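The values are calculated or read from the model by the stated rules, or taken from the named source; none is laboratory data. Note that the coordinates shown come from a computational prediction; the quantities given were computed from them, not determined experimentally. All Cβ positions, even for glycine, are placed from backbone atoms using ideal geometry, and neighbour counts span all protein chains on display. The area values use the complete protein model at the heavy-atom level, side chains included, leaving out ligands, DNA and RNA. Shrake-Rupley method; radii C 1.70, N 1.55, O 1.52, S 1.80 Å.
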Amino acid sequence: MEIFIDTADPKTIEELWAILPLAGVTTNPSIVAAGKRPLREILPQIRSIIGPEARVFAQVLSRESTAMIDEALSLRELDPNLIVKIPAVSAGFAAIERLSAQGVMTLGTAVYAPMQGLFAAQAGARYIAPYVNRVDATGGNGIKLVETLQSLLDLHCPACSILAASFRTPTQVLDSLLAGAKAVTIPPDVARQMLVSPSVDVAIQRFEADWHKAFDKLSA
Ligand code: E4P
């Protein structure tokens with residue numbers, strides 16, 4: 001199982017990298033644009049925080065398959081281990097297939113429907129990313145989509161993993177993992193919600209208070 005953080009903000013990555021057992025960092029064009037720093041600047045900085053082994057994802061903006069491939073190869077010049085996110089659309093399936101043949105790891109992104117994900121997987125994507133909250137927001141069932149995709153991958157494309165994305169709540173993340181997703185990418189605000197637990201704080205304070213009352217110091 002792999003947990004990723006969905007951000008390009010170096011401070012946030014530093015903060016959460018120190019706390020959570022993360023496998024890497026995912027970005028998309030909107031996330032990078034929000035930081036107003038181009039990928040050629042931000043990718044090396046992310047790499048310097050998370051080290052050479054962790055996974056980093058960045059997405060192409062091109063809409064035509066040859067241009068997607070050229071852009072993917074340029075992005076890999078910035079980071080030779082980059083996993084390239086390619087939209088799971090007609091042009092994307094062809095790009096994924098040709099990039100996979102060249103040994104470039106890809107993720108089929110913006111998956112809203114089972115066959116869309118399966119086509120990307122069959123083309124050779126290492127991951128596919130169903131957009132759980134965005135599917136929910138358009139009246140669909142994001143978790144059901146993850147479940148269906150996982151059954152399809154188990155049956156037909158076991159080398160591809162679901163990297164579930166687009167979350168607004170910790171429950172969506174948990175339900176995606178229970179539905180079989182082998183990886184999730186969590187936005188920082190949702191990750192922080194998972195780290196705050198008033199009941200746990202109260203329990204720890206109570207242990208401290210009881211200890212103080214008996215021994216008047218905190219050490220054993
Ligand atoms: C993955 O990295 C996706 O781009 C991302 O999770 C989309 O999430 P959003 O719906 O929060 O924009």
Residues of segment 30-59 being out of contact with any Lys or Arg (no Cβ under 9 Å at 6 or more places or on another chain) and within 13 Å of the ligand (Cβ to nearest atom), which ones? 30, 31, 32, 33, 34, 55
Cross-chain or 6+ apart pairs with Cβ under 6 Å, segment 82-110 first and closer than 17 Å to residue 130 by Cβ, then among the polar types (S, T, N, Q): 85/59; 85/109; 86/106; 87/109; 88/116; 96/106
Within segment 167-185, the residues that are within 12 Å of the ligand (Cβ to nearest atom) and buried (at least 22 other Cβ atoms within 10 Å of the Cβ) are 167, 173, 176, 183, 184, 185
Could you grab the pairs with beta carbons closer than 7 Å, sequence gap of 6+ or different chains, first residue in segment 151-179 and on the phi > 0 side of the Ramachandran plot, second one open to solvent by 10 Å² or more (accessible area, probe 1.4 Å) and modelled with pLDDT of 95 or more? 166/131; 166/133; 166/134
Checking the conditions here, which among 47, 76, 63 is assigned to a loop (DSSP other than H, G, I, E, B) and among the charged types (D, E, K, R)? 63
Filter segment 196-220 down to the residues that are assigned to a loop (DSSP other than H, G, I, E, B) and open to solvent by 80 Å² or more (accessible area, probe 1.4 Å), then identify the one that is farthest from residue 169 (Cα to Cα). 216
Would you pick out the residues in segment 1-14 that are outside any loop (DSSP other than H, G, I, E, B), free of Cβ contacts under 8 Å to residues at least 60 places away in the same chain and either in contact with a Pro (Cβ under 9 Å, 6 or more places away or on another chain) or surrounded by 19 or more Cβ atoms within 10 Å (Cβ to Cβ) (or both)? 13
Inspect all residues belonging to segment 70-77 and state whether any of them is within 16 Å of the ligand (Cβ to nearest atom) and closer than 25 Å to residue 173 by Cα. no
Please note which helices (runs of 4 or more DSSP H) are completely contained in segment 100-195 and include at least 3 residues that are small (Gly, Ala, Ser). 114-123
